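Let me begin by presenting the structure, written as structure tokens, before commenting on it.
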């Protein structure tokens, strides 16, 4: 099964609320399934965003799902769509890099940010999802704050992220799953050299 087939199976098996098919149709018109997850760190490769979304889902489901407490639909929505903000976000560019073995300069591809809708990170994902599907408050909080201390808004010294984590366990679980996927499961997954 390809990553895209796996994504579609998880999505279609678990996400049943109104607007889910319209969101998936829109997603298919973007570069979501081929985009990188980052410009040069984890999953900076074709299909990296899809790979990362699946990894976050697997970690979230394997480590944090509690029967009688958690929702399969919420886990699928949050994990698969938390980085929706990265669709239509990167563009492929080239730069000259010296090949150490030959001493020759070569053009190599890299990803640069081309944000056409600079709305933030987690909040942009929430906004894009809610154009089609109504999120539960816990889902919106989890997606909004999945970056944890890496989120620019948390660096200002406010208490919103702490309050969200205190009130919504799903937000903590998604953040931890994102960290594990990024820093442990996706080590050495980039095709771009730093």
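Our summary gives segment 1-83 a relative contact order of 31 percent, counting only alpha carbon pairs under 8 angstrom and 6 or more residues apart.
Using 0.36 nm per residue and subtracting the Cα-Cα separation, the extra length available between residue 65 and residue 3 on full extension is 20.1 nm. The slack between residue 26 and residue 188, meaning 0.36 nm per residue of separation minus the straight C-alpha distance, is 55.3 nm. Comparing 12, 55, 96 in a Gaussian network model of the chain, where Cα atoms under 10 Å apart are tied by springs, the biggest mean-square fluctuation is seen for 96. Taking Cα atoms only, the orientation of helix 3-14 departs from the longest principal axis of the chain by about 10 degrees. Legend: ranking of residues 160, 28, 190 from fewest to most surrounding C-beta atoms inside 10 Å; resulting order 28, 160, 190.
Centre-to-centre separation between the Cα atoms of segment 111-183 and those of segment 34-92: 12 Å. The label point for residue 115 and the one for residue 159, both projected 7 Å from the Cα toward the Cβ, are 2.8 nm apart. Modelled spin-label separation between residue 176 and residue 96, with each label point placed 7 Å from Cα along the Cα-to-Cβ direction: 5.0 nm. Compared with the dominant principal axis of the Cα atoms in the chain, helix 48-59 is inclined by about 40°.
Build a GNM of the chain with springs between Cα atoms under 10 Å apart, and of 30, 102, 94 the one that fluctuates most is 102. Taking one quarter of the surface of the C-alpha convex hull of the chain gives a mean projected area of 12.3 nm².
Computed over the chain with a Gaussian network model linking Cα atoms closer than 10 Å, the most mobile of 133, 92, 59 is 92. Remark: spin-label model distance residue 39-residue 134 equals 3.9 nm, labels positioned 7 Å along the Cα→Cβ axis. Relative contact order for the chain using alpha-carbon pairs under 8 Å, separation at least 6, rounded to a whole percent? Dividing the mean separation by the residue count of the chain yields 26 percent.
Entry note, the chain: the mean residue ellipticity at 222 nm calculated from DSSP H runs of n ≥ 4, each adding -39500 (n - 2.57), is -12000 deg cm²/dmol after division by the residues and rounding to the nearest 500.
Bear in mind these aren't lab numbers, they're just calculated from the coordinates by the rules spelled out. All of these numbers come straight from a predicted model, not from anything done at the bench. Cβ: placed from backbone, ideal geometry, glycine included. Neighbour counts: every protein chain shown.
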